[in-house]
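Chemist: Structure provided below as structure tokens; questions to follow.
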Amino acid sequence: MHISRLTVPVTTAAKARLLSSVASSKFKISHSVKAALKSGQPVVALESTIISHGMPYPQNVETAMAVEDIIVKNGAVPATIAILQGKVHIGLEKDELEQLGSFGKNARKTSRRDIPFVLANSLTGATTVAGTMVLAHAAGISVFVTGGIGGAHRGAEKTMDISADLMELGKTPVAVVCAGAKSILDIPKTLEVLETQGVPVTTIGESAAFPAFYTPDSGVMSPCQVPDALAAAKMIHANQEMQLQNGMVFAVPIPVKHAADSRNIAKAIGSALKEASDFGVHGKEATPFLLKRITEITKGDSLKANIALVKNNAAMGAQIAVELAKLKMTPEA
Ligand code: PSU
Ligand code: MN
């Protein structure tokens, strides 16, 4: 009993790789996702830590549902990924999204290292970028939309707190569409680690600036820039044709009209970081703590920007998946 990663016509060598499989008894793939994967239709993976730990209830559930609608409107099939009572779900039903959203931080934040524990103990786990990449790849999904990736935390040279997201990006061939990384992190160090891991980082749009989540420009340049979804899809296609096993980051700047006031955000981040340090918050608690405090300190302004950018990323990610599916359908010359 295996699920195959076979999706669409690909080269023989790539086919052999896609057919490598994991135990299907651990997976529940929704009907719509299964049908789309079988016929080579575009599918977009979505993470679930953003639902359980990244946003408060009920905005988390509303946003998760709105994001799925946007993906459908743009011609792709959404696959929100989570582990529910010990079973990997690829594609959640509305009631499952609602349950996970109201369960909130009671769900276990699940990065790659947490997957065996969550499965073996029949727990409910909300997958991070790293955890979602692992499971998306196992199911044969190569495009994944989220808000922001984890990264090297400020002070990482001492604490060694570098998100497992960055290591996953180095070794799992899934393209992550995001709005960059929050400046709770050390963005230059984050880009250094991605470079070391061999991860292409590409800003989509008119500027090559790497976005800083709430704001469109972190002050650091992305090594690559492309104008649109088709150009991004061509990069993913090239990565796949070369059978490179690394992931990719596509950074979509938040539209200026939705961007948060950069001084307010900087102040809120400064206070949240100081509190985290005063309270000794560290490890897997650090990111959720900072996200929550920033939402509270900005009285919801940051949450508004967060919701807007996730929706914007969803539209772009779906368009990329659509273009990629077309490229893969085209017989090779
Ligand atoms: N950054 C955000 N929102 C989020 C996260 C990060 O702006 O919700 C979540 C993602 O799930 C990401 C995880 O993968 O936090 C990273 O956590 P850590 O830094 O502990 O690896
Ligand atoms: Mn960490």
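Chemist: Need pairs with beta-carbon distance below 6 Å; first residue farther than 17 Å from residue 259 by Cβ and within the range 173-185, second polar (S, T, N, Q); sequence gap 6+ or separate chains.
Modeler: Cβ pairs passing all conditions: 173/245; 174/142; 177/313.
Chemist: Continuing with the same structure: What are the pairs, 6+ residues apart or on separate chains, where a residue within the range 32-45 that is in contact (Cβ under 8 Å) with a residue 24 or more places away in the chain has its Cβ under 7 Å from a residue that is open to solvent by 60 Å² or more (accessible area, probe 1.4 Å) and part of a helix (DSSP H, G or I)?
Modeler: Close Cβ pairs satisfying both conditions: 40/329.
Chemist: Considering only the range 1-116, give the helices (runs of 4 or more DSSP H) lying wholly within it that have at least 3 residues that are modelled with pLDDT of 95 or more and among the polar types (S, T, N, Q). Walk me through it before giving the result.
Modeler: Values: elements: 12-18, 31-39, 59-73, 94-103.
The helices (runs of 4 or more DSSP H) meeting that bar are 59-73.
Chemist: Something else: Kindly indicate whether any position in the range 130-147 is open to solvent by 10 Å² or more (accessible area, probe 1.4 Å), within 16 Å of ligand 2 (Cβ to nearest atom), touching a residue at least 12 places away in the same chain (Cβ under 8 Å) and not aromatic (Phe, Trp, Tyr).
Modeler: no
Chemist: Still on this model: Which residue is farthest from ligand 2 (Cβ to nearest atom), if the candidates are limited to the range 51-74 and must be touching a Ser or Thr at 6+ places or on another chain (Cβ under 7 Å) and of a type in the set (A, V, I, L, M, F, W, C)?
Modeler: 64
Chemist: Right, here's the next one. Hey, any hits in the range 184-191 for a residue that's open to solvent by 40 Å² or more (accessible area, probe 1.4 Å), within 23 Å of residue 160 (Cα to Cα) and either within 19 Å of the chain's Cα centre (by Cα) or charged (D, E, K, R) (or both)?
Modeler: Our first condition is that a residue be open to solvent by 40 Å² or more (accessible area, probe 1.4 Å); within the range 184-191, this holds for 188-189.
Narrowing further to those that are within 23 Å of residue 160 (Cα to Cα): 188-189.
After this cut, where a residue has to be either within 19 Å of the chain's Cα centre (by Cα) or charged (D, E, K, R) (or both) as well, the list is 189.
Checked the range 184-191: at least one residue is open to solvent by 40 Å² or more (accessible area, probe 1.4 Å), within 23 Å of residue 160 (Cα to Cα) and either within 19 Å of the chain's Cα centre (by Cα) or charged (D, E, K, R) (or both).
Chemist: Name the single residue, out of those in the range 282-317 being open to solvent by less than 20 Å² (accessible area, probe 1.4 Å) and within 16 Å of ligand 2 (Cβ to nearest atom), that is nearest to residue 151 (Cα to Cα).
Modeler: Checked the range 282-317; the qualifying residue nearest to residue 151 (Cα to Cα) is 286.
Chemist: Here are the criteria: (1) at pLDDT below 95; (2) on the phi > 0 side of the Ramachandran plot; (3) not aliphatic (A, V, I, L, M). Tell me which single one residue 302 does not satisfy.
Modeler: (2)
Chemist: Of the numbered conditions (1) at pLDDT 95 or above; (2) of a type outside the set (Asp, Glu); (3) more than 25 Å from residue 186 (Cβ to Cβ), residue 313 satisfies every one except a single condition; which is it?
Modeler: Tallying (1) at pLDDT 95 or above; (2) of a type outside the set (Asp, Glu); (3) more than 25 Å from residue 186 (Cβ to Cβ), residue 313 fails exactly one: (3).
Chemist: Same structure, new question: Kindly establish whether residue 279 is of a type in the set (Phe, Trp, Tyr) and more than 21 Å from residue 147 (Cβ to Cβ). Steps first, answer last, please.
Modeler: On the way: of a type in the set (Phe, Trp, Tyr): yes; more than 21 Å from residue 147 (Cβ to Cβ): yes.
Considered against the rule, which asks whether it is of a type in the set (Phe, Trp, Tyr) and more than 21 Å from residue 147 (Cβ to Cβ), residue 279 comes out as yes.
Chemist: Moving on to the next point. Has the range 156-164 got any residue that is in a loop (DSSP other than H, G, I, E, B), within 9 Å of ligand 1 (Cβ to nearest atom) and either at pLDDT 95 or above or open to solvent by less than 20 Å² (accessible area, probe 1.4 Å) (or both)? Walk me through it before giving the result.
Modeler: We begin by selecting, within the range 156-164, every residue in a loop (DSSP other than H, G, I, E, B); these are 160-161, 163.
Filter once more, keeping what is within 9 Å of ligand 1 (Cβ to nearest atom): 161, 163.
Checking which are either at pLDDT 95 or above or open to solvent by less than 20 Å² (accessible area, probe 1.4 Å) (or both) leaves us with 161, 163.
Within the range 156-164, one or more residues are in a loop (DSSP other than H, G, I, E, B), within 9 Å of ligand 1 (Cβ to nearest atom) and either at pLDDT 95 or above or open to solvent by less than 20 Å² (accessible area, probe 1.4 Å) (or both).
Chemist: Follow-up. Has the range 316-330 got at least one residue that is assigned to a loop (DSSP other than H, G, I, E, B) and of a type outside the set (Asp, Glu)? Spell out how you get there, then give the answer.
Modeler: Here is the first cut: in the range 316-330, the residues assigned to a loop (DSSP other than H, G, I, E, B) are 330.
From what's left, of a type outside the set (Asp, Glu): 330.
Yes, that holds for at least one residue.
Chemist: Quick one: which of 122, 32, 25, 102 is in contact with a Phe, Trp or Tyr (Cβ under 6 Å, 6 or more places away or on another chain) and open to solvent by 20 Å² or more (accessible area, probe 1.4 Å)? Break it down stepwise before answering.
Modeler: Numbers: 122 fails: in contact with a Phe, Trp or Tyr (Cβ under 6 Å, 6 or more places away or on another chain); 32 fails: in contact with a Phe, Trp or Tyr (Cβ under 6 Å, 6 or more places away or on another chain); 25 fails: in contact with a Phe, Trp or Tyr (Cβ under 6 Å, 6 or more places away or on another chain).
Matching residue, one of 122, 32, 25, 102: 102.
Chemist: Here's a follow-up. Can you tell me which condition residue 252 does not meet? The list is (1) more than 15 Å from the chain's Cα centre (by Cα); (2) closer than 29 Å to residue 79 by Cβ, and all the others hold.
Modeler: So the condition that residue 252 fails would be (1).
Chemist: While we're looking at this one, here's another question. Pairs under 6 Å by beta carbon, first residue under 15 Å from residue 305 (Cβ atoms) in the range 258-280, partner among the hydroxyl-bearing types (Ser, Thr, Tyr) and surrounded by fewer than 19 Cβ atoms within 10 Å (Cβ to Cβ), six or more apart or different chains?
Modeler: Final answer for the pair search is none.
The values are calculated or read from the model by the stated rules, or taken from the named source; none is laboratory data. It should be emphasised that the depicted structure is a prediction, and the values quoted were computed from it without experimental measurement. Glycine also receives a Cβ, built like all others from the backbone with ideal geometry; neighbour counts cover every protein chain displayed. These accessible areas exclude ligands, DNA and RNA; they are computed on the full protein's heavy atoms, side chains included. Shrake-Rupley method; radii C 1.70, N 1.55, O 1.52, S 1.80 Å.
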